1. Just checking: which of the helices (runs of 4 or more DSSP H) contained wholly in segment 1-84 hold 2 or more residues that are hydrophobic (A, V, I, L, M, F, W, C) and in contact with a strand residue (DSSP E or B) (Cβ under 9 Å, 6 or more places away or on another chain)?
2. Sort out for me the strands (runs of 3 or more DSSP E) sitting completely within segment 136-192 that have 1 or more residues that are touching a helix residue (DSSP H, G or I) at 6+ places or on another chain (Cβ under 8 Å) and within 16 Å of the ligand (Cβ to nearest atom).
3. So, in segment 110-142, how many residues would count as being open to solvent by 30 Å² or more (accessible area, probe 1.4 Å) and in contact with a Pro (Cβ under 7 Å, 6 or more places away or on another chain)?
4. Within segment 86-100, is there a residue that is assigned to a loop (DSSP other than H, G, I, E, B) and within 16 Å of the ligand (Cβ to nearest atom)?
5. Which of the residues belonging to segment 31-43 are of a type outside the set (D, E, K, R) and within 13 Å of Phe94 (Cβ to Cβ)?
6. From the list Asp149, Asp176, Asp123, Asp181, pick out the single residue that is under 30 Å from Ala83 (Cβ atoms) and not small (Gly, Ala, Ser).
7. Counting only residues that are at pLDDT below 95, more than 15 Å from Asp158 (Cα to Cα) and open to solvent by 40 Å² or more (accessible area, probe 1.4 Å), how many does segment 189-220 have?
8. Evaluate segment 166-180: report whether one residue or more is open to solvent by less than 10 Å² (accessible area, probe 1.4 Å), under 17 Å from His23 (Cα atoms) and among the β-branched types (Val, Ile, Thr).
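The values are calculated or read from the model by the stated rules, or taken from the named source; none is laboratory data. Please read these numbers as outputs of a predicted model, since none were measured by experiment. Ideal geometry is used to build each Cβ from the backbone, glycine not excepted, and the neighbour counts take in all protein chains shown. Protein only, heavy atoms only, side chains kept; ligands, DNA and RNA dropped before computing areas. Shrake-Rupley method; radii C 1.70, N 1.55, O 1.52, S 1.80 Å.
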Amino acid sequence: MIGANRTGDQLELVLLSHLHVDHVGDIDPIVKALFFHNRLAGFPRDPSQVLQFFGPNKAPANAPPPALRFPTTSRFIDAHFDAGTGIEAYLNDFARVIGHIPFNYAVQSIEHDNTLGVRTIYDQDGVVIKAVGVPHGPAPSLAFRVEYDGKSVVYSGDTTSLSANSNMIEIARDADLLIYDTAILDSTGLPFSQLHTTPTRIGEVARDAGVKHLVLSHITAITERTLDEVKRSIRQAGYRGRISVAKDLRVYNLDRKGRRRHHDDDD
Ligand SMILES: [Zn+2]
C-alpha cells in the first residue's frame, strides 16, 4: 500500500498480488478507517484523492476451470464498493455523510501472463511501480516492485517462483528489500509446493537477483516453528544478504543508512 503515512489516512495506492482471501481480507476495514475512523481521529482525507487498486486480470477463457473462478480485480472491487451494487455500498454513505468527501476509487486489472515480463504499471510523482506475472497454482498472480528516490521494494505475493523466464529474479534485481512468500519447507511437497516457494528457491532467487535485504513473510504454521531450518536452506542456496522475519507493524527505513533498529534485524 502506497502513500500511507503513519495513520494511513492519505493512502492512495493498493497493490493486490492476487485475490486469495488471506491477501485481500483487510481491504474493507482499511477503507472504512480511511473515510470514517481517521476523520473522527482528526485525520481527514484529502477530498481530491482517488483510492487506486491494482491487481490481476481474469485468466484467459481457455484456462483450467479453477483459474476461471477468480474474477478480474475490477469486478472484485466493484462487488465490494460500487455505490449501487457493492455489498459494502454503505461505505459510500460513510464517506459522503461523515467524511464529507466522495468515495472515489479506481481499479486497474493487470495482465498476468508469465511471458509478458516486467512492466511499469504506474509512474507518477517519482513513484514507479512495476509488475510481473508469477505462477501460484490456478490463481492469477502478480509480483510488484516499487521504486522511489533510488530505493526499491519488491513483494513476491504468493508464488512457486518456478518460472522458465525467471520472473521473480527479474523483478527483484538489485532490490533493497525483497518481501518473500515463506509458507513451506523444501520437504513440504504437494500440493503446497505447487503454490509457494521453497526456502532453497527463495535463496536462489535472492542470490541471483543480488537482493540486499530479504524479509520472510507469509509465515505459516509450517515455517513459524522451523525458521532456523528455513534460514539455513536460504544460506545454503548461496544468499549472503541480510535476512529478517516479517512481523505485523514492523517498519523498515530504507533511507537511514547505517541506522538499524535493533528489532528489525534478526538474522
Ligand atoms: Zn495465495
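1. Result: 27-32, 65-68, 73-81.
2. It comes to 142-148, 177-181.
3. Total satisfying the criteria: 2.
4. Within segment 86-100, none of the residues are assigned to a loop (DSSP other than H, G, I, E, B) and within 16 Å of the ligand (Cβ to nearest atom).
5. Val31, Ala33, Leu34, Phe35, Phe36, His37, Asn38, Leu40
6. Result: Asp123 is the single residue among Asp149, Asp176, Asp123, Asp181 that is under 30 Å from Ala83 (Cβ atoms) and not small (Gly, Ala, Ser).
7. Going through segment 189-220 one residue at a time, the tally reaches 1.
8. no
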